[in-house]
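Presented below is the structure to which this report refers.
The values are calculated or read from the model by the stated rules, or taken from the named source; none is laboratory data. Just so it is clear, the structure is predicted and the values come from calculations on it, not from any experiment. Here the Cβ positions follow ideal geometry from the backbone for every residue, glycine too, while neighbour counts run over all protein chains shown.
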Amino acid sequence: MIEVESLTKRYGTTTAISDVSFTVQKGEVVGFLGPNGAGKSTTMRVIAGSLGASHGHARVAGFDVAENPRAVQAILGYSPEVPPVYTNMNVRDYVRFAATLKGVESVNKAADHAMDRVGLLGIQNKIIDHLSKGQRQRVGLAQALVHDPKVLVLDEPTSGLDPAQRVEIRELIRELAAGDRTVILSTHVLGEIEAICSRVIIINRGRIVAQDQLDHLSGVGRVVRVEVARPGEGLAKALEAIPSVIGVELHDGSYTVRADTDVREAVASVAAPFGLHEMVGRERLEDIYLRLISSGGAA
């Protein structure tokens, strides 16, 4: 549904993104991760058609973003990190205005439906300038949803929201992704990626450094972290002796076991006599992310 091919964007002598390529299949919910300045927002702006590329192509549902912008806008909803709102308008008028721009037939019905989905009906008559940052974020989501797009590009969709609101928006994104809707979202909250997405793309210094299914990337069963009551050299040796184990690391009182196959059952058996407290059968996304960013992309 989304195809990004050899995408490059330069600002004078500065290259924001370089040779970025990836695809997002119909119905996928994909997380886009990277540190500040890595190129996330630039890439998403190019996909949404609000920024031109220096080289390469971005296609949505087969339409080239640069060559067929109207066709793309009809099927894509984009919510940037800073919502594109007119602060002197009230919420309802702005969402109706967005619906009109997007050629929606029943403007009032579409606006009411979009506001209802993101929890804005109770404040629809408020002036946007008087809203909190979190409420403005919801207005940005409403304008992205008002024409019921098949593709959603969401840049930091939960920015400025409190924990309860984050959970609500996560559930909304899950609901929106049900069926055949395609979603790509960026966020600094790694827990949101794990809660919402099935696949992750990591960008660093303008280049893609990893992209895979979360289960594959986190090495389910092949990366096992254990904490025991009585750590010691004996446990490390016993873990290293498990067939297919390729390494054992001790850090902050816990052991991380890396293997070529799923070793969860064997690790639990070996660790039990040492007073097994906790076992996690996958590498944390935070650890994967930090390792890839610090290593420049080496897995």
Answer from GLN165, GLN143 - the residue that is farther than 23 Å from LYS102 by Cβ, in a helix (DSSP H, G or I) and among the polar types (S, T, N, Q): GLN165
Quick test for you: out of VAL60, VAL91, pick the one residue that is closer than 20 Å to PHE32 by Cβ and among the hydrophobic types (A, V, I, L, M, F, W, C). VAL60
Matching residues in the range 253-283 - criterion: being in a strand (DSSP E or B) and either surrounded by 12 or more Cβ atoms within 10 Å (Cβ to Cβ) or modelled with pLDDT under 90 (or both): SER254, TYR255, THR256, VAL257, ARG258, ALA259, LEU276, HIS277, MET279, VAL280
Of the residues ASP287, ASP252, only one is within 28 Å of the chain's Cα centre (by Cα) and acidic (Asp, Glu); which? ASP287
Would it be correct to say that LEU145 is in the same structural domain as VAL107 (by TED's automatic domain parsing), under 16 Å from the mean Cα position of the chain (by Cα) and at pLDDT 80 or above? no
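Per-residue answers, yes or no, for (1) of a type in the set (D, E, K, R); (2) in contact (Cβ under 8 Å) with a residue 40 or more places away in the chain:
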site	(1), (2)
GLU227	yes, yes
VAL245	no, no
GLU249	yes, no
ALA259	no, no
ARG264	yes, yes
Could you please find all residues in the range 1-41 being of a type in the set (Ser, Thr, Tyr) and either surrounded by fewer than 20 Cβ atoms within 10 Å (Cβ to Cβ) or part of a strand (DSSP E or B) (or both)? SER6, THR8, TYR11, THR13, THR14, THR15, SER18, SER21, THR23
